[in-house]
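Single-structure report; data block below.
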Amino acid sequence: MKHFTSVHHIEDLDELLLLAKNIKSDPYANKSLGENKTLGLLFFNPSLRTRLSTQKAAANLGMNCITMNLNNEGWSLEFEEGAVMNGDKAEHIKEAAQVISQYCDIIAVRSFPTLTDKKKDEEEQVIQSFVKYATVPVISLEGATEHPLQALADILTIQEYKTKSKPKVVLTWAPHPKALPHAVPNSFVKMMQMAHVDFVIAHPHGYELDPEVTKGSIIVHNQEEAFAGADFIYAKNWSNYNDYGKILSQDASWTVTPEKMELTNRAKFMHCLPVRRNQIVSDAVLDSEASIVIPQANNRTYATQAILTQLLNHEN
Ligand code: CP
């Protein structure tokens, strides 16, 4: 693995999950792997879990970590090729990525979509510019179209909590007051397509994800039908993909409630967090024993540590 910006960069999922599991049982076993190595964390958007868990994963491997909020601490970056830089952009990504590569052995970037310019978002202009101009491996800390570190933590969590070899996993759309990206559901769908699970996507009519991502997966528009017999309920909002970035529904009947959870096979409730209580999911579900969102967030550290381990081993 040279870069990790997509779930599809995983070469052997079983091997990676075993590595993450072993790391979790002994997080400091490889404390010297990252000695004298530096991880640069570049954030164009806010974060709690990704920032802290990645710093912790790096520390567990003995890596030094530099974190920068590029939107308000760095020079404003130009990403267009051939741009005449007579506006407010002070530095081109060509120089910035090469300079940062001299300070860092791995660069990790968070850059959310515009949700207005579909073409630019689908091209992953920011992260792909780092891949193009950096001279070191690049990790996505959530891009416009994917959040692969989250998906790896999600499948690690499902593996830990499953009670049958092939559990039924439901990804359900749920209402939210703001327009949210497609990165988490896209990466979750791709991961479930690689995993040994019965996978169903449930969303209201009109909330189709990118058909290139969901092709081959079962999609239903009746949430209760999807929940029947489920072992895991993964709730997430996303804005409209076809009418790009728009909110067409805040239908409260899609909120995950105890009544809906009753339809499942005593399913575990998952969400990537942060979560809007009593919008996405009711308090009664989130505060119940069914909810595994806190251990799910804990697994972010070990998933990321597994990726850092593979990248460091690849470089050595
Ligand atoms: N799930 C997730 O990526 O959380 P943060 O946005 O807080 O990093």
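Please treat every number below as a calculation from the coordinates, not as lab data. Just so it is clear, the model here is predicted, and its values are computed rather than measured. Cβ coordinates were reconstructed from backbone atoms using ideal geometry, including for glycine residues, and neighbour counts include every protein chain displayed.
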Helix 293-315 axis, angle to the chain major axis (alpha carbon atoms, nearest 10°):
40
Once you charge only the Cβ atoms, +1 for Lys and Arg and -1 for Asp and Glu, what is the size of the charge dipole of the chain about its Cα centre, to the nearest 20 debye?
600
Cα-centre dipole for segment 57-209 with unit charges at Cβ (Lys and Arg positive, Asp and Glu negative), debye to 20:
700
So, by mean Cβ neighbours within 10 angstrom, what's the order for 56-63, 110-117, 219-226 with the highest one leading?
56-63, 110-117, 219-226
Starting from the coordinates of the alpha-carbon atoms of segment 66-106, obtain the Kirkwood hydrodynamic radius over all distinct pairs and give the value in Å to one decimal.
11.2
Calculated from DSSP helices alone, with each H run of at least 4 adding -39500 (n - 2.57) and the total divided by the residues of the chain, [θ]222 nm to the nearest 500 comes to -11000 deg cm²/dmol
In whole angstrom, note down how far apart the Cα centers of segment 44-67 and segment 118-176 are.
17
Positive dipole terminus of the chain, leading residue within Gly34, Met191, Ile107 (C-beta point charges):
Gly34
Find the relative contact order for segment 65-206 and round it to a whole percent, using C-alpha pairs within less than 8 Å whose residues are 6+ positions apart.
20
Taking R0 as 51 Å and r as the Cβ-Cβ distance between Lys164 and Glu122, the FRET efficiency 1/(1 + (r/R0)^6), rounded to the nearest 0.05, comes to 0.90
With the radius of gyration and the Kirkwood radius both derived from the Cα set of segment 96-157, what is their ratio Rg to Rh?
1.03
How would you order 247-254, 192-199 from highest to lowest mean count of nearby Cβ atoms within 10 Å?
192-199, 247-254
Could you tell me how many degrees, from 0 to 90 and to the nearest 10, lie between the Cα long axis of helix 148-161 and the main elongation axis, the longest principal axis, of the Cα atoms of the chain?
40
Pick out which of His271, His182, His205 has the largest mean-square fluctuation in a Gaussian network model of the chain, springs linking Cα atoms closer than 10 Å.
His205
Rounded D (µm²/s) - segment 44-171, Kirkwood Rh over Cα pairs, Stokes-Einstein at 4 °C, 1.567 mPa s:
78
Put one equal scatterer on each alpha carbon of the chain, apply the Debye formula with no solvent term, and list log10 I(q)/I(0) at q = 0.11, 0.15 1/Å to two decimals.
-0.68, -1.22
Working from Cα positions, state the angle (0 to 90°, nearest 10) between the long axis of helix 183-194 and the longest principal axis of the chain.
70
May I have the pair-distance distribution P(r) for segment 106-264, computed from all Cα-Cα distances with 5 Å bins from 0 and rounded to whole percent?
2, 9, 17, 20, 20, 15, 9, 5, 2, 1, 0
Looking at the chain as a GNM with Cα springs under 10 Å, which of Ala20, Ala83, Ala97 has the largest mean-square fluctuation?
Ala83
Positive end of the charge dipole of segment 131-256 (Lys, Arg +1 and Asp, Glu -1 on Cβ, about the Cα centre): tell me which of Tyr133, Pro177, Pro167 has its Cα farthest that way.
Tyr133
For segment 22-38 versus segment 287-304, the gap between their alpha-carbon centres in whole angstrom
21
Please report the relative contact order for the chain, taking Cα pairs under 8 Å with a sequence separation of at least 6, and give it as a percent rounded to a whole number.
20
